[in-house]
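Engineer: Would you mind keeping the following structure in view while I ask a few things?
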Amino acid sequence: MAKVKNMIEKDPETHKKNLHPRACLTLVEALHDGLLVLVENCIFFANSAGARLVADNSTEAVIGLNLSTLLHPESQDAFAQMCQDLNAGEKEYVRLELRFLRLDTEMVFVEATCGTTSFDHKSSIYLLMRDISRRKIQEKRIHYQANYDQLTTLPNRSLFYERLKHEIVRASRQHSHIALMFIDLDRFKWVNDTMGHPAGDELLRQVAVRLKGCLRQSDTIARMGGDEFTAILPDMTRGPHAERVASQILDQLSMVFMLEGQEAFISGSIGITLFPDDANTVDDLMKNADSAMYHAKKEGRNGYRFFTPNMQTEALERMQLEKDLHCAMSRNELIIHFQPIVNLSSNRIVGAESFLRWHHATRGWVAPDLFIPVAEETGLIGQITEWAIRLACEQAQGWRELDGFADFFISVNLSCTRCRELSTDDKIPDILRQTGLPPTALVLEITENILMEDEHRAMAMLHHLRKLGVNLWLDDFGTGYSSLSILKRLPVSGIKIDRTFIPDVNHDRETEVLVEAIMSLAKSLERMVIGEGVESQSQVDFLRQRGCDMVQGYFYGRPMGFEEFKSFLYHWRATPTDV
């Protein structure tokens, strides 16, 4: 290239004495790189490589064309600036990248070295160009893979953070607001588990399309990973604007999705935080939006919540609770309490319900309503429940060896998640075998919510447990919406009348009728009835008269630790209460 440049820059008359013009042209034509010479921005000379680069045409066809007309619009300004700098003599040469829209509509990227010269006694600009299209395509592919989600084509976490930082800088200068939304899909795991991962992927793609349809051109919607999405809404305020967008998103997510020919329904939980009202850094805004989303999910899902300062305090407390829960087992802070279950016909203790309790070293007793959801969300629940069942079975087997308690059983409350883990992995048979407890001496208490997400899988799981010989009881009966319709299909041997009904049976005629109806239905289906929350002799009499099989409650004994319950059993065996 240097030789060509020197040739062109020499005076033509002088050059004729040293090198024949035809030889010069042959050398220029032999170049793999393109060469253009411009006079007043029009192509005055082009070698074959240069003509192919800019127009995919012959050299004769491109002579006289204004180069600006062949450039991509985004290269126009760079080309004009280059010409201005060279013509003004401000620079000896300029290197730049240009894009050409060729006559065959193909886009070509070139790397050009440009300078001034004299060609045929005319002041001109030359361009020595190299095709870098393949490199630019590869760079674009790498950039796309680094910044966009492959499944949904939305910006990914990396690009999202970059754009959020940019919007914060812009909003700071313009004294404007940004609304940041954290969107989490409800029941996405259910779709994956029941319909398969291909259906889950298709759901995410459709969700991405619907989310983009709810936002403006200036907004950014990104996929953070899994079923989590985020949205940046510049120039938004807390008023109707952010609320309108959140409501529109929820409406779109609640509409039916068609996945592989099947209908699927989900919803969304959205957390919203504002810059600069709530925070002024990327990390703090993300924490705020996540906290607000968690509250929306906690309050029933399919809703949105704006961040409030107290959420941050709750989030920090919950984070600390999560850390402490990880250490609770190793510190022996988790305990099992037992509440007696009495057979009303024989007036004897026939079993006990086990309750998981946490006595924190500094907090004291931590309510199950606080730590059980944390255990489920962090994945600790399987490990904790397996430990709890094992310990309860060990204690129950020991009590069965006492005189008069050979048929003693233990009941354990199970959520859908815990029940699935323990039955699928066949951990319950291992526990029973290792502790020596007969399967019939273990009762697993479930709720009708177990059928809400995946009825087919849940029913298969319950039947598997029944085949093992384990008894199933339906807990909290009467509080759900579908109790009467599902009772016949559930493979349960007993139902527990929820404690909220028992205290009112002697004071509320409607509750009395309802309890009688529940017991009548259970008896007709040959299910045992267990009343819980019994607190008085009159309640015991009411339940006994109507054929209730077993009861439990404070009237007989509160949940108590192992040693206290053991003493309670000895005392009961020696002097059973005549009730």
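Engineer: Hey, residue 127 hits all of (1) outside any helix (DSSP H, G or I); (2) in contact with an Asp or Glu (Cβ under 9 Å, 6 or more places away or on another chain); (3) in contact (Cβ under 8 Å) with a residue 24 or more places away in the chain but one; which does it fall short on?
Structural biologist: (2)
Engineer: For the structure I just gave you, tell me whether residue 153 is β-branched (Val, Ile, Thr), in a loop (DSSP other than H, G, I, E, B) and at pLDDT below 95. Spell out the reasoning first.
Structural biologist: On the way: β-branched (Val, Ile, Thr): yes; in a loop (DSSP other than H, G, I, E, B): yes; at pLDDT below 95: yes.
Yes, satisfied.
Engineer: Right, something else. If you go through the range 288-304 one residue at a time, do you hit one that is on the phi > 0 side of the Ramachandran plot and touching a strand residue (DSSP E or B) at 6+ places or on another chain (Cβ under 7 Å)?
Structural biologist: Looking only at the range 288-304, we keep the residues that are on the phi > 0 side of the Ramachandran plot, and these are 300-302.
With the extra rule that they be touching a strand residue (DSSP E or B) at 6+ places or on another chain (Cβ under 7 Å), the set shrinks to 301-302.
The answer is yes, given that some residue of the range 288-304 is on the phi > 0 side of the Ramachandran plot and touching a strand residue (DSSP E or B) at 6+ places or on another chain (Cβ under 7 Å).
Engineer: When residue 487 is evaluated against the numbered criteria (1) at pLDDT 85 or above; (2) closer than 26 Å to residue 469 by Cβ, which criterion, by number, is the only one it fails?
Structural biologist: Tallying (1) at pLDDT 85 or above; (2) closer than 26 Å to residue 469 by Cβ, residue 487 fails exactly one: (1).
Engineer: Follow-up question, since we're still on this one. Name the pairs whose Cβ atoms lie under 6 Å apart, with the first residue in the range 65-85 and within 13 Å of residue 125 (Cβ to Cβ), the second of a type in the set (D, E, K, R), and 6 or more positions between them or separate chains?
Structural biologist: 85/91
Residue by residue, here is whether (1) of a type in the set (A, V, I, L, M, F, W, C); (2) assigned to a helix (DSSP H, G or I); (3) crowded, with 18+ Cβ neighbours inside 10 Å holds:
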| residue | (1), (2), (3) |
| --- | --- |
| 338 | yes, no, yes |
| 345 | no, no, no |
| 352 | yes, no, yes |
| 362 | no, no, no |
| 365 | yes, no, no |
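Engineer: Would you pick out the residues in the range 239-267 that are surrounded by fewer than 16 Cβ atoms within 10 Å (Cβ to Cβ) and assigned to a loop (DSSP other than H, G, I, E, B)?
Structural biologist: 239, 255, 256, 260, 261, 265
Engineer: Hey, another quick one. Taking residue 381, is it modelled with pLDDT of 95 or more and either surrounded by fewer than 15 Cβ atoms within 10 Å (Cβ to Cβ) or of a type outside the set (Gly, Ala, Ser) (or both)? Talk me through it step by step, then tell me what you get.
Structural biologist: Numbers: modelled with pLDDT of 95 or more: no; either surrounded by fewer than 15 Cβ atoms within 10 Å (Cβ to Cβ) or of a type outside the set (Gly, Ala, Ser) (or both): yes.
The answer is no for residue 381.
Engineer: Residue check: is residue 281 under 30 Å from residue 360 (Cβ atoms), of a type in the set (Ser, Thr, Tyr) and surrounded by fewer than 20 Cβ atoms within 10 Å (Cβ to Cβ)?
Structural biologist: Working: under 30 Å from residue 360 (Cβ atoms): no; of a type in the set (Ser, Thr, Tyr): yes; surrounded by fewer than 20 Cβ atoms within 10 Å (Cβ to Cβ): yes.
No: the conditions fail for residue 281.
Engineer: I want to confirm something. Restricting to the range 187-222 and keeping residues that are among the basic types (Lys, Arg), in a helix (DSSP H, G or I) and open to solvent by 60 Å² or more (accessible area, probe 1.4 Å), which single residue is farthest from residue 303 (Cα to Cα)?
Structural biologist: Among those residues, the one meeting the criterion is 205.
Engineer: Within the range 15-31, is even one residue closer than 26 Å to residue 140 by Cβ and either crowded, with 18+ Cβ neighbours inside 10 Å or at pLDDT 85 or above (or both)? Reasoning before the result, please.
Structural biologist: First, the residues of the range 15-31 that are closer than 26 Å to residue 140 by Cβ: none.
No: the range 15-31 contains no residue that is closer than 26 Å to residue 140 by Cβ and either crowded, with 18+ Cβ neighbours inside 10 Å or at pLDDT 85 or above (or both).
Engineer: Tell me, yes or no, whether the range 402-409 has at least one residue that is open to solvent by 10 Å² or more (accessible area, probe 1.4 Å), acidic (Asp, Glu) and either modelled with pLDDT of 90 or more or more than 30 Å from residue 348 (Cβ to Cβ) (or both). If you could, list the steps in order and put the result at the bottom.
Structural biologist: First, the residues of the range 402-409 that are open to solvent by 10 Å² or more (accessible area, probe 1.4 Å): 402-404, 406-407, 409.
After this cut, where a residue has to be acidic (Asp, Glu) as well, the list is 403, 407.
Now restrict to residues that are either modelled with pLDDT of 90 or more or more than 30 Å from residue 348 (Cβ to Cβ) (or both): 407.
Within the range 402-409, one or more residues are open to solvent by 10 Å² or more (accessible area, probe 1.4 Å), acidic (Asp, Glu) and either modelled with pLDDT of 90 or more or more than 30 Å from residue 348 (Cβ to Cβ) (or both).
Engineer: Being in contact with a Lys or Arg (Cβ under 9 Å, 6 or more places away or on another chain) and more than 19 Å from residue 379 (Cα to Cα) is the filter; apply it to the range 308-334 and report the residue that is modelled with the lowest pLDDT.
Structural biologist: Checked the range 308-334; the qualifying residue modelled with the lowest pLDDT is 312.
Engineer: Look through the range 299-336, keep the residues that are in a strand (DSSP E or B) and not β-branched (Val, Ile, Thr), and return whichever of them is surrounded by the fewest Cβ atoms within 10 Å (Cβ to Cβ). Reasoning before the result, please.
Structural biologist: Let us first name the residues in the range 299-336 that are in a strand (DSSP E or B), namely 303-306, 334-336.
If we keep only those that are not β-branched (Val, Ile, Thr) as well, we get 303-306, 334.
On the way: 303: 17, 304: 23, 305: 22, 306: 22, 334: 19.
Filtering first and then ranking leaves 303.
Engineer: Here is a further query. Quick test for you: out of 471, 413, pick the one residue that is at pLDDT 85 or above, open to solvent by 30 Å² or more (accessible area, probe 1.4 Å) and touching an Asp or Glu at 6+ places or on another chain (Cβ under 7 Å).
Structural biologist: Details: 471 fails: touching an Asp or Glu at 6+ places or on another chain (Cβ under 7 Å).
From the options 471, 413, the qualifying one is 413.
Engineer: Next up: Could you look through the range 99-142, keep only residues that are of a type outside the set (D, E, K, R) and on the phi > 0 side of the Ramachandran plot, and pick out the one that is surrounded by the fewest Cβ atoms within 10 Å (Cβ to Cβ)?
Structural biologist: So the first thing to find is which residues in the range 99-142 are of a type outside the set (D, E, K, R), and the list is 100-101, 103, 105, 107-110, 112-119, 121, 123-129, 132-133, 137-138, 142.
Filter once more, so that each one left must be on the phi > 0 side of the Ramachandran plot: 105, 121.
On the way: 105: 7, 121: 9.
By that ranking, first place goes to 105.
Engineer: Still on this structure, please answer the following. Kindly indicate the residue of the range 429-452 that is under 22 Å from residue 266 (Cα atoms) and open to solvent by 80 Å² or more (accessible area, probe 1.4 Å) and also modelled with the highest pLDDT among those meeting that condition.
Structural biologist: Among them, the one singled out is 449.
Engineer: Specify the residue that is farthest from residue 281 (Cα to Cα); the eligible residues are those in the range 145-186 that are surrounded by 15 or more Cβ atoms within 10 Å (Cβ to Cβ) and free of Cβ contacts under 8 Å to residues at least 24 places away in the same chain.
Structural biologist: Of the range 145-186, the ones surrounded by 15 or more Cβ atoms within 10 Å (Cβ to Cβ) are 147-149, 152, 154-157, 159-161, 163-164, 167-168, 171, 176-186.
Next, only the ones that are free of Cβ contacts under 8 Å to residues at least 24 places away in the same chain stay: 147-148.
Working: 147: 21, 148: 23 Å.
Checked the range 145-186; the qualifying residue farthest from residue 281 (Cα to Cα) is 148.
Engineer: Got a sec? Which of 527, 544 is within 21 Å of residue 474 (Cα to Cα), surrounded by fewer than 20 Cβ atoms within 10 Å (Cβ to Cβ), touching a Leu at 6+ places or on another chain (Cβ under 8 Å) and in contact (Cβ under 8 Å) with a residue 40 or more places away in the chain?
Structural biologist: Working: 527 fails: surrounded by fewer than 20 Cβ atoms within 10 Å (Cβ to Cβ).
So the residue among 527, 544 that is within 21 Å of residue 474 (Cα to Cα), surrounded by fewer than 20 Cβ atoms within 10 Å (Cβ to Cβ), touching a Leu at 6+ places or on another chain (Cβ under 8 Å) and in contact (Cβ under 8 Å) with a residue 40 or more places away in the chain is 544.
Engineer: What are the residues in the range 67-95 that are touching a Ser or Thr at 6+ places or on another chain (Cβ under 6 Å) and either open to solvent by less than 30 Å² (accessible area, probe 1.4 Å) or among the aliphatic types (A, V, I, L, M) (or both), if any?
Structural biologist: Selection gives 86 alone.
Engineer: Further question on the same structure: Of everything in the range 132-155, what is within 21 Å of the chain's Cα centre (by Cα) and either within 30 Å of residue 98 (Cβ to Cβ) or of a type in the set (A, V, I, L, M) (or both)? Give them in sequence order. It would help to see each step written out before you state the result.
Structural biologist: Of the residues in the range 132-155, the ones within 21 Å of the chain's Cα centre (by Cα) are 145-155.
Within the range 132-155, 145, 146, 147, 148, 151, 153, 154, 155 meet the criteria.
The values are calculated or read from the model by the stated rules, or taken from the named source; none is laboratory data. What you see is a predicted model, and the numbers here were worked out from it, not measured in a lab. We place every Cβ from the backbone using ideal geometry, glycine too, and count neighbours over all the protein chains shown. Calculation scope for accessible area: heavy atoms of the full protein, side chains included, ligands and nucleic acids excluded. Shrake-Rupley method; radii C 1.70, N 1.55, O 1.52, S 1.80 Å.
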